[in-house]
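The values are calculated or read from the model by the stated rules, or taken from the named source; none is laboratory data. Here the structure is a predicted model, which means the values were calculated and not measured. Note: ideal-geometry Cβ built from the backbone for every residue, glycine included; neighbour counts use all protein chains shown. All accessible areas refer to the heavy atoms of the entire protein, side chains included, with ligands and DNA or RNA removed. Shrake-Rupley method; radii C 1.70, N 1.55, O 1.52, S 1.80 Å.
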Amino acid sequence: MAELSRRKMLISGGALGALGALGVAFPARATPWTWASSGSIAGAGAGTDPRWIWDEEADPLVASLIDRGAVPEVNRLLWNWTRNDQPLPAGLPADLRDFMERARQLPSWANQGKLNTAAEFNKSRGLYLNLLNGVGGGMLSTAIPKEALSVYYSKGGADMEDRVAKTSILGFAVGALNAYRPDGSCVVEAVKTRLVHAAVRHLLQQSPHWTGDIPISQEDMLVTWHTLPTFAMRKMLEWKVPISAAHSEAYLHVWQVTAHMLGIKDEYIPATWAAANAQSDQILPRNMGPTPEGVELTDILLGQLAEQTSPASISRPLCNALARYLVGDQVAGWDGIEREPVWDLLIPTIWPKLVRFREGLIPLPLVPETAWVLDEAVRKYILFYLTKAKETKIEIPTTNRPG
Ligand code: HEM
């Protein structure tokens, strides 16, 4: 942590103070798990606190692959495993092959009709979804201490551009028209991610920087899941994006299937948006707050975003303000995002106008010129990571962040 600058430590320290003043315990662990499993896809469950559950199938398997030095060859073999319908490559260790054959099966409750509707929705609302999942989800994840620390101290933490590109692979696969169809890639990327998470659980515990429990519990995964579909849906409703009941249900469904494929148990996967919102409200507050690592990661992410968007003179302030607009002042404070006197005032007025224009609700003359700078920045950002994601693949790590 020596490289974390004094300024960032101070910002984060200040935010910690503010959090203390709000009476929030940090780490905020006091609230018990009360979410009813009757609201889950399974419809019932033991009600066990998901903080104490990880991935009992993948974890011992991947730990053993790492310990016996099998991972580089596994990564080599899986490099060209890219389509949902593609047989697994020959030569994989038998225990891994057995696991992957099971893990690649869609749940019995997956509904192809709903998945097709979700694809339509993802296509028509791609701009909002990529912005909300990419920038919004990214800025929320750095304000989740356990996630920020895992990302920072794992291998990918040392190269955030590659890390974001790799994470976007799954995001773009979920949003693709053929996501869970035979020629799509969601199954592949979700199963690979499940293996990566199992590797991280094993490796991080060996890091001298890691002092907490085993990382990436079921609860941690649910928290991150809510920063993606639950957050995106709430924001789109707030922006008054017209969304039909069928689209709303289908969008939830594609993420329910994805949660299952990532190894989240059905008894924790919310069955409805009401159950999702209730679960999100229970677990996000107790898992969010500032860390110096989160502040550092936010700075790197916003720096990259600024580089990819518009002329340097305006881009970083615009990116800071956009990030603050998406996640709100409290999270922006935890992330150490600078206040921007001009853009902080502009974005909350121009973004809703842009949305209303895109949805055909207001005519062009009512959209201010500056709104197009924002629109262009968002498009450039999406295109940059779309391109980067095509150039890389998800691989199982064998080490933590060096140093
Ligand atoms: C890796 C997605 C939850 C920490 C990945 C990757 C994806 C992904 C696509 C592969 C990209 C890569 O290898 O860099 C997700 C999704 C989640 C989730 C969709 C929940 C719905 C979490 C949580 C944590 C976490 C809760 C930590 C608390 C990590 C780390 C890596 C990783 C440390 C590996 C980085 C490295 O390569 O060193 N995740 N993740 N993830 N994820 Fe997650």
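Hey, what's the per residue convex hull volume over the C-alpha atoms of segment 292-391, in cubic angstrom? Intermediate values should be presented prior to the final figure.
Details: hull volume 11.0 nm³, N = 100.
It is 110 Å³ per residue.
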Dividing the convex hull volume of the Cα atoms of the chain by its residue count, what figure in Å³ per residue is obtained?
138 Å³
With a Förster distance of 45 angstrom and the Cβ-Cβ distance between Glu338 and Ala44, calculated FRET efficiency to the nearest 0.05 equals 0.40
So which residue, out of Leu127, Leu364, Leu203, gets the largest mean-square fluctuation from a GNM of the chain using Cα contacts under 10 Å as springs?
Leu364
Scattering profile of segment 50-94 from the Debye formula, Cα beads only, expressed as log10 I(q)/I(0) at q = 0.14, 0.17, 0.20, 0.33 Å⁻¹, is -0.44, -0.61, -0.77, -1.14
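Expressed in nm to one decimal, what extension gain is obtained for the pair Lys123 and Gln330 from 0.36 nm per residue of sequence separation less their Cα-Cα distance?
Values: separation 207, 0.36 × 207 = 74.52 nm, distance 3.13 nm.
The Lys123-Gln330 span can extend by a further 71.4 nm.
Pairs Lys114/Lys235; Lys265/Lys390; Lys123/Lys380: which are spaced more than 24 Å apart, C-alpha to C-alpha? Don't jump to the answer; show the numbers that get you there.
Numbers: Lys114/Lys235 22 Å; Lys265/Lys390 30 Å; Lys123/Lys380 17 Å.
In this structure, Lys265/Lys390 exceed 24 Å between Cα atoms.
Considering only protein heavy atoms, what per residue accessible area in square angstrom results for the chain with a 1.4 angstrom probe? Display every interim value, and only then the final one.
Numbers: 16820 Å² over 403 residues.
Spelled out: the 1.4 Å probe surface of the chain, per residue, equals 42 Å².
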Label Arg102 and Glu57 with points 7 Å out from Cα along Cα→Cβ: what is the distance between them in nm?
0.5 nm
Heavy-atom accessible area of segment 292-391 with neighbours in place, 1.4 angstrom probe: carbon+sulfur share in percent works out to 62 percent
Would you mind pulling out the separation of the Cα centroids of segment 88-166 and segment 323-381, in Å?
26 Å
Roughly how big is the chain's charge dipole about its Cα centre, with Cβ charges of +1 (Lys, Arg) and -1 (Asp, Glu), in debye to the nearest 20?
540 debye
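So between Asp159 and Thr392, what do we pick up on full extension, going 0.36 nm a residue minus the alpha carbon distance?
Working: separation 233, 0.36 × 233 = 83.88 nm, distance 1.30 nm.
Contour length minus the Cα-Cα distance gives 82.6 nm.
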When the charge dipole of segment 292-391 is computed with +1 on Lys and Arg Cβ and -1 on Asp and Glu Cβ about the Cα centre, the Cα farthest towards its positive end, among Asn320, Phe384, Ala332, belongs to Phe384
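Of the accessible area of segment 37-182, with the probe set at 1.4 angstrom, what percent is carbon plus sulfur? Working shown, then result.
Working: 3320 of 6140 Å².
Within segment 37-182, the accessible surface is 54 percent carbon and sulfur.
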In nm, spacing of pseudo-spin labels at Leu345 and Glu238 (7 Å Cα→C-beta vector):
2.2 nm
Just subtract the alpha-carbon distance of Ala94 and Asp213 from 0.36 nm times their residue separation and send over the number in nm, one decimal.
39.8 nm
Based on the alpha-carbon gyration tensor of segment 52-287 and its eigenvalue square roots a ≥ b ≥ c, which shape applies: rounded if a/c is under 1.5, prolate if not and a/b is larger than b/c, or oblate?
oblate
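Please report, ordered by residue number, every helix of the chain (full DSSP H runs) that is 30 Å or longer along its axis going by C-alpha atoms and whose mean Kyte-Doolittle hydropathy reaches -1.0. All intermediate terms of the calculation are to be shown ahead of the outcome.
On the way: long enough: 370-391 (33 Å, 0.04).
Counting only whole DSSP H runs, the qualifying helices are 370-391.
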Take the chain, connect every pair of alpha-carbon atoms lying under 10 Å apart with a spring to form a Gaussian network, then pick out the residue of Pro270, Pro215, Pro93 with the largest mean-square fluctuation.
Pro93
Estimated FRET transfer efficiency when R0 is 51 angstrom, pair Ala278-Glu376 (beta carbons, to 0.05):
0.85
Label point distance in nm, Leu364-Thr34, each placed 7 Å from Cα along Cα→Cβ:
5.4 nm
